[in-house]
Amino acid sequence: MPRANDAVEAVLLEYADLLAILSEDRFKPRSYEKAARAVGGYHADIGTLEPAEILKIPNVGKSIAEKIQEFLREGTIETLESLRAKIPPGVRDIIAVPGVGPKKAMILYQDLGIANIDDLRAAVESGRIAELKGFGARTESNIRRGLERLQQQTGRALASVAMDLAEDFIERIRSNVDVERIDYAGSLRRMVETIGDVDLLVASDDPVPVMDAFTGIDIVERVLAKGEAKSSVLTRQGLQVDLRVVPAEAWGAAMIYFTGSKAHNIRIREMAVRKGLKLNEYGLFDAKSGTLIVAQTEQEVYERLGLPWIPPTMREDRGEVEAALDGSLPDVLTQKQLRGDLHTHTNLTDGLASLEQMLETASAMKYAYYAVTDHAPNLFMQRMTDEKMLAQRERLRKLQPKYPRMTLLHGTELNIDPEGNVDWGPEFLDGFDVRVASVHSMFGQSKDEMTRRIVRAMENPYVNVIGHPTTRKINQRQPVEFDLDEVFAAAARTGTALEVNAYPDRLDLKDEHIVWAKRYGVKFAVDTDSHATTHLDHMRYGVAMAQRGWLTKDDVINAWPLGKLRTFLRKGR
DNA sequence: GCCGTTTTCGGCCCGACTGTTTTCAGTCG
C-alpha cells in the first residue's frame, strides 16, 4: 500500500546519496536526507497535497518542494537524471558495503573504474585496492569482510529476537564483571519493529574489563571494533552488538544519546545549540564555559531543554518535539493500563496450551477480563464445529468462579471470506461476548476487492475487531492491499476496532498505520493473538507499537473498564 | 539546501574508532 511519500522519500534519499558521492558540499546531501525522512514520516499523503502544503513539511524548502512536484508530475526529476548520468547505479550499492562511504566509493570508481559490487569483489581478490592512495592492506581486508557481511545479511531481526539477545548479553556481562548499570538502548529501546543492531549501555569507571568481558562472550563471532569507550561485535547469528561505556554520572545523557533516534537526537541537540548549550553523551553543557549542567537522568536533560520526558518509543522526530513544546504530547498507553487481552487461542484449535493453562497464565497478569477466541469453522484445518464451540463456552463458564477478579469472555476469531462474509449468522454470533474477524486466505485479491471485503466485514453488526488487518508477516509475507482511508473511515463509522496485533512477526497494524487510522477516530484493540502461554508476554510489543502510534488509553478498547467495553462490543445493537 | 527568540547570511549534532598518516579524513551511529 505505498503512499506517494514512500516513493518521494526513496528518490530524495537517492538524490542525497548521489550528492554525497559527487558534491564537495557536505551539507547539501544532508538537507536532502532530512527532507526525505520528513516526507517519509509525514502524516498526509504527499500525492494529494497542494504546493503550498508541501512547503510546510519540515526541512522541505523551495528547491526541494519544486523537485517533489516535478517528481509527482513527471515520475522523475531532471537534475536527478543528470546526477545519475555521472555515476553508474552500482556505485550507490557500494556505499552499502560496511566500511565504504561516499568518498571511498568515488575514489574506487574514479581510480579503478569500480562501478558495482562485482567489480569491487574482483578488485579485492586481485589486491588492487591496497595500492590506492589513502587505502591500505587493512582497508582492503575490511572491504572484503564488509562484502562477506553484505552477502550473508539475512535482513533485520525481529524485535523479540533482538530482545532475547540483548537480555542474554546483559546477563553474561553482569555475571562476569562489576558494572554499576547496564541496559539496552537504540532501536530496541524504541521498539522499532525490526532491529539492525543491538545497542548496550554500561555505566562504569573501569571500562577495560567490561570491554574484555563483552568481546570475550562465546557467542561473539568477530570483534569489529574495540576501544575504551565503545566496542562492536558480530554474533554468530549475524547480528551486530555495540557496547558503550560511560561514567555513571552521565547515565541519562548517554541513554538519550544511545537510544536515538538519530533524527530525534539531532533535533534536541539543535535546540540545545539555540539555547547556548551543547548536548552530547556526557551531558548537557554550557556551550561557552563548557560547564556541565545536567547529565544524571533523562528527565533532567529534557527538562533543562524545556521539554517533558519523551517516551523512547516516540523519539523518531515525527512531531514529538513540537508536541512536547506546545504541551500536546499524549500520555501514551502503558502496559499497566491494559485491562485484558481480546484475542487468544487454546489447543481446541491451533493453540499449544489448554484452556485451563491459558487462563492460569492470564490471571497472573492481573487482567480484569480475558477473551478466549478460538478459530471458527471456515478455517477448515482447525476442525472447529458449533458443538465444540458451545462446549468450550460451557467449560469457560464453569471455570469463571475460579477467577473472581477476571471476567472470562467467550469469543471467536472469524474468517472473513472473499466476499466479506463470516462463518456464522446473527443468531450464533450473538452468543459470543466478543468477535474478532480476520483475513486468512485469498491474500492476492485486488485492492478494490480487498477493501470491499474488509469494509463489508466491519459492517456486520457482530464483528467487533478486525484481527491483524494487513496480514503481513515481517520478513515473510507482504501486507495485503486495501484502501487505507476507506477502511479506516469505515472502522470509525461502524464502531469496529482495528487490532494492534502484538505477535512479534506480525505487529499489525504497524505504527504509521495506527497514526493514520487514529486521525479517523478509529478505536484499537491491542492483543497478543497468543497460541501458547508464553505468548501472553508479547503484549509488551503490542503496547510499544501502540505507543509508536501515539495511542492513549482512550483509543484502546481493552484499556477500558468492562462496562464501557461491553457497550462498544454491542455496536449500537 | 534549509533555517531563524543572537533571522535573510552563515551556520549546519557530536564524538568514537580505524587506518593511514605524522595531524586527520572517512565512516558510523
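Some observations on this one:
- When residues of segment A:278-289 are limited to those that are surrounded by fewer than 19 Cβ atoms within 10 Å (Cβ to Cβ) and within 9 Å of DNA strand B (Cβ to nearest atom), the one farthest from residue A:311 (Cα to Cα): A:288
- Residue check for residue A:308: under 27 Å from residue A:544 (Cβ atoms) and open to solvent by 40 Å² or more (accessible area, probe 1.4 Å): yes
- Filter result for residue A:372 (among the aliphatic types (A, V, I, L, M), free of Cβ contacts under 8 Å to residues at least 60 places away in the same chain and part of a strand (DSSP E or B)): yes
- Every residue from segment A:24-60 that is open to solvent by less than 80 Å² (accessible area, probe 1.4 Å) and free of Cβ contacts under 8 Å to residues at least 12 places away in the same chain: A:25, A:44, A:49, A:52, A:53
- Qualifying residue in segment A:213-221 (condition: assigned to a strand (DSSP E or B), within 17 Å of residue A:172 (Cβ to Cβ), at pLDDT below 95 and within 11 Å of DNA strand B (Cβ to nearest atom)): no
- Within segment A:123-157, being farther than 30 Å from residue A:504 by Cα and either touching a Cys at 6+ places or on another chain (Cβ under 6 Å) or open to solvent by 100 Å² or more (accessible area, probe 1.4 Å) (or both) holds for A:125, A:131, A:133, A:138, A:145.
- Listed by position, the helices (runs of 4 or more DSSP H) contained in segment A:1-92 that have at least 2 residues being more than 9 Å from DNA strand B (Cβ to nearest atom) and closer than 25 Å to residue A:110 by Cβ are A:4-22, A:78-86.
- Condition check for residue A:129: among the β-branched types (Val, Ile, Thr), within 14 Å of DNA strand B (Cβ to nearest atom) and either assigned by TED's automatic domain parsing to the domain that holds residue A:219 or at pLDDT below 90 (or both): yes
Listed here are the residues, each with its yes/no results for (1) among the hydrophobic types (A, V, I, L, M, F, W, C); (2) open to solvent by 10 Å² or more (accessible area, probe 1.4 Å); (3) in a helix (DSSP H, G or I).
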| site | (1), (2), (3) |
| --- | --- |
| A:233 | yes, no, no |
| A:249 | no, yes, yes |
| A:252 | no, no, yes |
| A:257 | no, yes, yes |
| A:264 | no, no, yes |
| A:269 | no, yes, yes |
| A:321 | yes, no, yes |
| A:328 | no, yes, no |
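- Scanning segment A:235-247 for residues that are aliphatic (A, V, I, L, M) and either part of a strand (DSSP E or B) or open to solvent by 20 Å² or more (accessible area, probe 1.4 Å) (or both) gives A:241, A:243, A:245, A:246.
- Residues in segment A:339-356 that are hydrophobic (A, V, I, L, M, F, W, C) and open to solvent by less than 10 Å² (accessible area, probe 1.4 Å): A:342, A:353, A:355.
- Scan of segment A:181-198 for residues that are in contact (Cβ under 8 Å) with a residue 60 or more places away in the chain and assigned to a strand (DSSP E or B), ordered by number: A:181, A:183, A:194
- Residue A:393 more than 16 Å from residue A:571 (Cβ to Cβ) and open to solvent by less than 50 Å² (accessible area, probe 1.4 Å): yes
- Pair list, Cβ < 7 Å and 6+ apart or interchain, from segment A:212-226 residues that are among the charged types (D, E, K, R) to residues that are away from DNA strand B (no atom under 15 Å from the Cβ): A:221/A:236
- Segment A:507-536 - residue that is in a helix (DSSP H, G or I) and within 18 Å of the chain's Cα centre (by Cα) and, of those, nearest to residue A:189 (Cα to Cα): A:511
- Note on segment A:431-485: residues that are small (Gly, Ala, Ser) and closer than 17 Å to residue A:374 by Cβ total 4.
- Going through (1) buried (at least 18 other Cβ atoms within 10 Å of the Cβ); (2) farther than 26 Å from residue A:322 by Cβ one by one, residue A:567 falls short only on (1).
- Picking from residues in segment A:537-556 that are hydrophobic (A, V, I, L, M, F, W, C) and part of a helix (DSSP H, G or I), the one that is surrounded by the fewest Cβ atoms within 10 Å (Cβ to Cβ) is A:539.
- If you check A:213, A:225, A:229, A:185 for being aliphatic (A, V, I, L, M), over 29 Å from residue A:334 (Cα atoms) and surrounded by 13 or more Cβ atoms within 10 Å (Cβ to Cβ), only one passes: A:213.
- Residue count, segment A:110-126 (criterion: assigned to a helix (DSSP H, G or I) and either away from DNA strand B (no atom under 13 Å from the Cβ) or without any contact (Cβ under 8 Å) to a residue 24 or more places away in the chain (or both)): 11
The values are calculated or read from the model by the stated rules, or taken from the named source; none is laboratory data. This one's a predicted model, so the numbers in the text were calculated from it and none came from an experiment. Please note: Cβ atoms are built from the backbone with ideal geometry, for glycine as well, and neighbour counts cover all protein chains shown. Surface accessibility is based on the protein's heavy atoms, side chains included, excluding ligands, DNA and RNA. Shrake-Rupley method; radii C 1.70, N 1.55, O 1.52, S 1.80 Å.
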